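Have a look at the structure below, then the notes.
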């Protein structure tokens, strides 16, 4: 089952002050190395912006995280078709533009799950389901897609 993470999961994996979320996000990212996980250019860019703006990591540290992830995970970026799909998704599904753009890219990459704390847990957009990995009721699904 191919999946991707949004920037919030990546952010928590670099934020030692996030307590339980830090431990869970670190585990999620580590386990994803053995699964069919892709990352998006958008999520990596949002991660860099957030962790440096909020003072969680220096630009050099944040760049190191991104370099490590890029060495392990395929990275997918938006193209013209994704832009058109995102615009349609905003109009038809009433989601924010940047969430729609993320959806369009992971959908194009043939993901069936997007793990996100920020989007509506359980929402289906086409063949893609959004799952909040921090919700206890989603633990069994996470364990099925991420080997230990």
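Each reported figure results from applying straightforward, stated rules to the coordinates on display, with no laboratory input. Treat the numbers as computed from the prediction; the structure is a model and nothing was measured. In this analysis, Cβ positions are derived from the backbone assuming ideal geometry, glycine residues included, and neighbour counts consider all displayed protein chains.
Here are the numbers for this structure:
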| read-out | value |
| --- | --- |
| Region 12-89-region 109-139 distance, computed between alpha-carbon centres (Å) | 16 Å |
| Cα-based shape type of region 65-144, given that a ≥ b ≥ c are square roots of the gyration tensor eigenvalues and the cut on a/c is 1.5 | oblate |
| Per-residue [θ]222 nm for the chain (sum of -39500 (n - 2.57) over DSSP H runs n ≥ 4, rounded to 500) | -16500 deg cm²/dmol |
| Residues residue 1 and residue 97, FRET efficiency given R0 of 35 Å [Cβ-Cβ distance, rounded to 0.05] | 0.85 |
